[in-house]
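Notes follow once the structure below has been shown.
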Amino acid sequence: MGKVKRVLFATGNKHKFHEAEIVLSKYGLSVEQWAVKRLEVQSESLEEIAKTSLAWLMLEKYPEYPFFVEDAGLFVNALNGFPGPYSSYVFNKIGNEGLLKLMDGVENRRAEFISVVAFTEGKEILVFEGRTSGFISYMARGERGFGFDPVFIPEEGDGRSFAELDVEEKNRMSHRAKALRKLAEWLTSSKII
Ligand code: ITT
């Protein structure tokens, strides 16, 4: 048997880590949380934020293992893609209640979650993306998950919000799980790590 492939996930968000652990374990990959503070530049592009963050960690911290970062955001159509790359900041400032207020009287509820994973084995940087379309609900529902989960209803689901799903159910359709499955497929087929 080949040795187990181990990777680090540089994130301070334990929910993101838990989702990743479940996705990657299905591919026989072992992942550990690296709760390091990372640099997040301001940019309209999640890919640029993720890549810069990864490159900064490569230079500053020299982890022993191959590692990745993940940047995600909620892009609301009627708000021209806001909060997008500023999702973390906006969530911390106004929360789900604030987002629902911004959407008061707005008929077009379409939104998309986008996730960008940037991975390195120490030399090259690889990027994988996942997207999930859905709608902003009229009120927050559900206790699970984190962030905007209670106000996001995935189009490919059964009408429940992300926060009403368990992790396995969310992983079947989430932006993050889609990006991570692409990473996992690459990792299991590559000889690099
Ligand atoms: P790290 O930077 O430490 O990984 P973070 O939570 O700050 O953790 P991001 O910078 O990617 O992660 O911030 C994205 C924000 O977008 C996050 O804080 C949530 O508010 C929101 N978000 C992203 N993915 C989400 C999801 O699956 N469910 C709900 N909200 C999500």
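The values are calculated or read from the model by the stated rules, or taken from the named source; none is laboratory data. Only a predicted model underlies this, so the values are computations on that prediction, with no experimental measurement involved. When we count neighbours, we look across all protein chains shown, and the Cβ atoms used for this are built from the backbone with ideal geometry, even at glycine.
Hey, any hits in the stretch 2-9 for a residue that's in contact with a Lys or Arg (Cβ under 9 Å, 6 or more places away or on another chain) and either part of a loop (DSSP other than H, G, I, E, B) or within 13 Å of the ligand (Cβ to nearest atom) (or both)? Yes: one or more hits.
In the stretch 89-120, what residues are of a type in the set (D, E, K, R) and within 18 Å of ASP71 (Cα to Cα)? Selection gives GLU112 alone.
Looking only at the stretch 71-98, count how many residues are in a helix (DSSP H, G or I) and in contact with a helix residue (DSSP H, G or I) (Cβ under 6 Å, 6 or more places away or on another chain).
Final tally of qualifying residues: 1.
Scanning the stretch 138-188 for residues that are more than 15 Å from the ligand (Cβ to nearest atom), over 17 Å from PHE68 (Cα atoms) and assigned to a helix (DSSP H, G or I) yields a count of 0.
Residue under question is VAL117, and the condition is that it be touching a residue at least 24 places away in the same chain (Cβ under 8 Å), in contact with a Gly (Cβ under 9 Å, 6 or more places away or on another chain) and under 17 Å from VAL31 (Cβ atoms); does it hold?
So VAL117 fits the description; yes.
Among residues of the stretch 76-92 that are within 8 Å of the ligand (Cβ to nearest atom), those with a beta-carbon under 7 Å from a residue that is part of a helix (DSSP H, G or I) at least six positions away or on a different chain give the pairs PRO83/VAL90.
Taking the listed residues SER133, SER115, the one that is in a strand (DSSP E or B) and surrounded by 23 or more Cβ atoms within 10 Å (Cβ to Cβ) is SER115, with no other qualifying.
Between LYS93, LYS123, which is modelled with pLDDT under 95 and over 13 Å from ILE136 (Cβ atoms)?
Values: LYS93 fails: modelled with pLDDT under 95.
Just one listed residue meets the conditions, LYS123.
Within the stretch 17-35, the presence of at least one residue that is more than 12 Å from the ligand (Cβ to nearest atom), hydroxyl-bearing (Ser, Thr, Tyr), closer than 24 Å to LYS170 by Cα and in contact with a Ser or Thr (Cβ under 8 Å, 6 or more places away or on another chain) is confirmed.
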